[in-house]
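Input: a single structure, listed below in structure tokens.
Quick note: the coordinates plus some simple rules give every number you see, no bench work behind them. Because the structure is predicted, anything quoted here is derived from the model rather than measured. A quick note on method: Cβ atoms are made from the backbone with ideal geometry, for glycine too, and the neighbour counts reach across all protein chains shown.
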Amino acid sequence: MRIKVFENKHQVEIASASIFIELIQQKPSAVLGLATGDTPIGTYREMIAAYQQGKVSYRYVRTFNLDEYVGIASDHPNSYASFMKNHLFESIDIPSEQTHIPDGQQQDLEAECIRYDELMKAVGQIDLQILGIGRNGHIGFNEPSRTLSSKTHVVALSAETRKQNAHHFSHPEQVPTQAITMGVGSILQAKTILLVAYGAGKADILKEALQGPVNTEVPASLLQLHPRVIVMMDQEAGSWYRG
Ligand code: F6R
């Protein structure tokens, strides 16, 4: 695991975007694993800037998002499909049919999970997966639990996670109670994992996940089992790290 603490958030945004840009320059058809939430927004902004400056093209890239809420339409402003459109896809040259997000509106959610796993299998291994971390240690929407699912599955969102995400909704009760998420097994299959974190509020869980015991009650601790994890944090998130 390579852990890097940067002086400020903007430096992390630039460095994390560079990892994506360099990969795509070397491998134009790279398969990217993408996340939503506050964390990747700056990374995506820098990836857009690189495209606008003619440094990179996303024409042949394929993407798989980690997760999507259940029960809200893909064009709802709070869907992760809308998030990806607004924060990345509509500002770069990736064809929309090369971007994949679980469909949380399907009647048969189990079938949707199987479809998503099969699609990932058909496209091949994710080259680079960006992750944020929940304050309870979740990755994707794999919440702390005695057991974790390996494959894409439907999850009940914890009260803590719904609270964490409530600021995106006009009323906390509007936060969906369920989501579809890639499983921890799929996440760990990515060739490289880039974990990004900002702010003092993430410091304790990062220390526990990266230096504590590997434990399904802290899903991000399973990243310790992966051979190529890069962690990028600002000083506040990485205050505990002594190098
Ligand atoms: C989002 C996701 C979540 C977030 C995590 C952190 O696709 O999978 O695991 O990465 O909840 O959220 P933020 O970045 O909003 O702090």
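Would you mind classifying region 3-99 by shape? Square roots of the alpha carbon gyration tensor eigenvalues, ordered a ≥ b ≥ c; an a/c under 1.5 is rounded, otherwise it is prolate if a/b is larger than b/c and oblate if not. Oblate, because a/c is 1.5 or more while a/b does not exceed b/c.
Once you keep just the Cα pairs under 8 angstrom separated by 6 or more residues, what percentage relative contact order results for region 1-132?
Values: 173 pairs, mean separation 39.9, N = 132.
Relative contact order of region 1-132: 30 percent.
Under a no-solvent Debye model with one identical scatterer per Cα of region 136-243, what's log10 I(q)/I(0) at q = 0.09, 0.22 Å⁻¹? For region 136-243 at q = 0.09, 0.22 Å⁻¹, log10 I(q)/I(0) is -0.24, -1.28.
Which helices, counted as full DSSP H runs in the chain, have an axial Cα extent of no less than 18 Å and a Kyte-Doolittle average of 0.0 or above?
Numbers: long enough: 9-26 (26 Å, 0.34); 109-123 (21 Å, 0.04).
Qualifying helices, which must be both long enough and hydrophobic enough, are 9-26, 109-123.
Computed from the alpha carbon positions, the gyration tensor of the chain leads to an equivalent ellipsoid with semi-axes of 23, 23, 18 Å, biggest first.
For region 1-74, state which chymotrypsin sites (Phe, Trp or Tyr not before Pro) are in a DSSP loop and have at most 16 other beta carbons lying within 10 Å of their beta carbon. Could the numbers behind the result be given before it?
Values: sites: Phe6, Phe20, Tyr44, Tyr51, Tyr58, Tyr60, Phe64, Tyr69; in loops: Tyr58, Tyr60.
Here the sparse-neighbourhood loop sites are Tyr60.
From the largest down, region 91-151 spans 39, 29, 23 angstrom on the principal axes of its Cα atoms.
Excluding same-chain neighbours fewer than eight residues apart, the lysines reachable from Lys191 by a Cα-Cα span under 28 Å are Lys4, Lys9, Lys27, Lys55, Lys85, Lys121, Lys151, Lys202, Lys207.
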